[in-house]
Amino acid sequence: MSNVEKYNIHIYEGETWGMNLALYDDNDDPVLLTGYTAKMQIRDRPGGTVFKTIDNTSGITVNEAYGELDLFLSAEETAEFNFKKASYDIFIYSPADEAVPILCGDVIVERRITE
């Protein structure tokens, strides 16, 4: 596996969460993502129980011309997270179905106090 950037995501239980990832080539130009799809999974451990999957049909928007991925989880979705720490990764898939890892790390959920 290539050197994938690691970034820990912190989510507050019950918050509306979003993140924008901008992909650039070696010349600092946006990577054209025409025809690409994306997928993110949150699991208790690699190969373990899936807590959440988001993709182009449910939570990820691919901005093809700008080389960006916009990720989104609703307040209702994050309120259902019953874990304190899990693992995630994000892949993009070319039109030829070549899988490219983009980012990985931990998802840390802070428990909500106010209801």
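Scan the range 1-33 for residues that are aromatic (Phe, Trp, Tyr) and more than 27 Å from residue 75 (Cβ to Cβ) and the total you get is 1. Within the range 52-99, if we keep just the residues that are assigned to a strand (DSSP E or B) and small (Gly, Ala, Ser), the residue that is surrounded by the most Cβ atoms within 10 Å (Cβ to Cβ) turns out to be 86. Does residue 18 qualify as being of a type in the set (Gly, Ala, Ser), assigned to a strand (DSSP E or B), surrounded by 15 or more Cβ atoms within 10 Å (Cβ to Cβ) and under 14 Å from the mean Cα position of the chain (by Cα)? It is false that residue 18 is of a type in the set (Gly, Ala, Ser), assigned to a strand (DSSP E or B), surrounded by 15 or more Cβ atoms within 10 Å (Cβ to Cβ) and under 14 Å from the mean Cα position of the chain (by Cα). Of note, residue 57 does not satisfy the criterion of being more than 20 Å from residue 3 (Cα to Cα), touching a strand residue (DSSP E or B) at 6+ places or on another chain (Cβ under 8 Å) and among the β-branched types (Val, Ile, Thr).
A short reminder: the numbers here are calculations on the coordinates, not readings from a lab. Everything numeric here is computed off the predicted structure, so don't read it as measured data. Here Cβ is always computed from backbone atoms with ideal geometry, including for glycine, and neighbour counts include all displayed protein chains.
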